[in-house]
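Bear in mind that the values in this text are calculations on the coordinates, not laboratory data. Nothing here was measured: the structure is a model prediction, and the numbers come from that model. Here the Cβ is made from the backbone with ideal geometry for all residues, glycine too, and neighbour counts use every protein chain on show.
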């Protein structure tokens, strides 16, 4: 049995990598990939803790998260395509219509 | 004893409804409707007043009718209500105000027939009637002050009625401001009275209760009396606050008749009579009242002698006659003062309406040097004006004789021989300038401009003249000298109001040399006027050029307006312009308002820079917030 701290630690590291990607990458699609990394990090944490507590709740929640992640990815990519059609770019720095 | 008489409220309700109708529907309803409602409501008020008067006569002497409309102020121990009191004194005043007021409203229908602002005119007139009736019917000092302020406001509105003319608007403002100065004194007087009573634990301004607690007022009587008097000099145009009245003549002539002759200006006299229980505590203040009245009477009469504008002569004449009323109440003859209020309302109202008739016929001409020889073509106006002139000159038998004679006699009986003498001389001056007015306007050769179409006024205007003319003749017969027929019925009627300060009826010329002196003065005045303006018309100009300095002094009204302008006016206008208008209004208040807006704008300028439009920046901030919350909870767990 792998110690809990390793699993939760890995989850934290993955989450942080995902956050860094969301904040620092310029390409919108890469930002989405980073969001997926964050979601999977959370999934890992849920499963690990579920096993630790001896309950199936963790794994059930992972089901939900995966479903939502898939739907969100679909919608998000549709938005990116729409944005690209209008602005001919997916560079986040250039998508600042809401700027003052 | 008092009885409840709810119908009293109708006396106020009718003019109030008239005002509301004329203000909101007048223009839509049309001239005929306004001409019906405007005078109509005042006639209705007069009818109710008559009903109340009949009721009062049937009750024992000293009775009063009362009604409390609703409680007004309840502050700790201080209670005031909107309540009306109809005793002998307020009955007389109410009948004068509503009666003469109704007649003048009727006359206005004809006078304002070609004016496009008829609705606004009758609205203001009805509002004035309402305010004046509140003033005379109030049963406490505070409600009376409400009416007092109301008539001041309406006076301003009506003087500046044709406000397109900048001078007229200025005169209206002048009247209001001078009045306001007097009102400051009035308020201080009320507060003095209240503080004296409150120190003893009594919190009321009700007249009946004030009279009951008269003894508590003794220490402040002189102060309060003088302060209230200051207010009265503003309202009743006495020295030093009379300067607004001659300039108020720019308003429509019926306004001059109603407000500045018959009713509003008598409010000061009524107030002093109402507060007789206060004034009789302080012979000093009463002497001041009498002196101010006498000096004003003489002073105004001298100015009236040389004025050429017909309305200005009448304006100064009003100031002079009001001086007589103050002389009367100052000498303790309260009922005599009120009697002169009544007769003056009749003849002065009449004189102003006649002047209006002439002005109307001559298409706006008010300069007597451009009149003359009108008696043939305006016979009714002439006859009634003659009646009014005889009345004001105190010719025996006419109303003014009985009232003026009573005042003079009472003044002498009170021991003021000097004041009496000045009063007699002024009576002579009165006869002079009034007959001068009559002769210049109606007699002699016509100096009227050839393009004027001189015609008698329509019945809607001449009928009021005839009514007031009849009243000017017989109106004084309610108070005959001692022993004649019913004797002093008027003063007897008012006796219960004034109690121990009752005014005895006059002794009459048959039994006293006093009345004879005044009669002589009147005769001299008449003969001089006849000499100057009928017999030898070139004489006045010779005298004027001979004594030109004195003549100029009189024509320029003793330069009082110029003096006031110099002492008060310039500083007032300068400080209003620079300190208040520029400094406070533009600088401070606009500064705060605009400044608040500018501040918000500046803050916005600064904070909008956080709107980068860059989602990643927003995500970062979101992260910081989330970390903060988690850290907080971790902290809580750790510490626990």
Legend entry - Residues of the range A:1-35 with amide N under 19 Å of a point placed 7 Å along Cα→Cβ from residue A:47: A:1-18, A:34-35
Inset, instruction - Sticking with the crude label model, points 7 Å out along Cα→Cβ, report the distance from residue B:563 to residue B:31 in nm, one decimal please. - result: 4.7
Legend entry - Degrees separating the helix B:399-413 axis from the principal Cα axis of chain B, which is the longest one: 90
Legend entry - Nearest-0.05 FRET efficiency for residue B:589 and residue A:29, computed from C-beta distance (R0 60 Å): 0.55
Legend entry - C-alpha long axis of helix B:88-111 to longest principal axis of chain B, angle in °: 90
Inset, instruction - For the range B:302-378 and the range B:43-72, compute the distance between their C-alpha centroids and round to whole Å. - result: 31
Legend entry - Hull volume in cubic angstrom per residue (convex hull over the Cα atoms of the range B:1-139): 101
Legend entry - Residues B:339, B:298, B:21, sorted so that the one with the fewest Cβ neighbours within 10 Å comes first: B:298, B:21, B:339
Legend entry - the range B:199-299: radius of gyration over Cα atoms, expressed as a fraction of 2.2 N^0.38 Å: 1.23
Legend entry - Point-to-point label distance, residue A:91-residue B:582, nm (Cα→Cβ direction, 7 Å offset): 5.8
Inset, instruction - Report, in deg cm²/dmol and to the nearest 500, the calculated mean residue ellipticity at 222 nm for the protein assembly as shown, where each DSSP H run with n ≥ 4 adds -39500 (n - 2.57) and the sum is divided by the residue count. - result: -22500 deg cm²/dmol
Inset, instruction - Over all alpha-carbon pairs of the range B:414-456, lay out the pair-distance distribution in 10 Å bins, whole %, shortest bin first. - result: 23, 30, 20, 15, 10, 2
Legend entry - Per-selection Kirkwood Rh - chain A (Cα, Å, 1 d.p.): 15.1
Inset, instruction - State, as an integer percentage, the relative contact order of chain B based on alpha-carbon contacts under 8 Å between residues 6 or more apart. - result: 11
Inset, instruction - Relative to the longest principal axis of the C-alpha atoms of chain B, give the angle of the C-alpha long axis of helix B:489-498, reported between 0 and 90° and rounded to the nearest 10°. - result: 40
Inset, instruction - Express the relative contact order of the range B:185-269 as a whole percentage, based on alpha carbon pairs under 8 Å and six or more residues apart in sequence. - result: 31
Legend entry - Taking the C-alpha atoms of the protein assembly as shown, convex hull volume expressed per residue in Å³: 288
Inset, instruction - Let me know the shape class of the range B:495-591, please: from the alpha-carbon gyration tensor, a ≥ b ≥ c as square roots of the eigenvalues, rounded when a/c is under 1.5, otherwise prolate if a/b is greater than b/c, or oblate. - result: oblate
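Taking only Cα atoms of the range B:105-217, what ratio of Rg to Rh do you get with Rh as the Kirkwood inverse-distance radius? Let's see the in-between values first.
Numbers: Rg = 18.3 Å, Rh = 16.2 Å.
Looking at the range B:105-217, the ratio lands at 1.13.
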Legend entry - Ranked list, fewest to most other Cβ atoms within 10 Å of each Cβ, for B:430, A:16: A:16, B:430
Legend entry - Average beta-carbon neighbours from other chains, 10 Å sphere, peptide A:86-96: 2
Inset, instruction - Give me a single rounded figure for A:18-27: the average over its residues of other chain Cβ atoms within 10 Å of their Cβ. - result: 2
Inset, instruction - Run a plain Debye calculation on the range B:140-555 (Cα atoms as equal point scatterers, no solvent) and give log10 I(q)/I(0) at q = 0.14 Å⁻¹, rounded to two decimals, same order as the q list. - result: -1.25
Legend entry - Counting DSSP beta bridges with both ends in the protein assembly as shown, the antiparallel % (nearest 5): 80
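Rounded, prolate or oblate: which fits the range B:402-476, taking a ≥ b ≥ c as square roots of the Cα gyration tensor eigenvalues, rounded meaning a/c under 1.5, else prolate when a/b beats b/c?
oblate
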Legend entry - Residues B:193, B:422, sorted so that the one with the fewest Cβ neighbours within 10 Å comes first: B:422, B:193
Inset, instruction - Taking the convex hull of the Cα atoms, report for the range A:1-45 its projected area averaged over all directions, in nm². - result: 2.8
Inset, instruction - In whole angstrom, note down how far apart the Cα centers of the range B:184-225 and the range B:410-433 are. - result: 33
Inset, instruction - Please find the FRET efficiency linking residue B:369 to residue B:202, where r is the Cβ-Cβ separation and R0 is fixed at 51 Å, and quote it to the nearest 0.05. - result: 0.30
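Once a ≥ b ≥ c are taken as the square roots of the eigenvalues of the Cα gyration tensor of the range B:562-639, is the result rounded (a/c under 1.5), prolate (a/b larger than b/c) or oblate (a/b not larger than b/c)?
Note, shape of the range B:562-639 comes out oblate.
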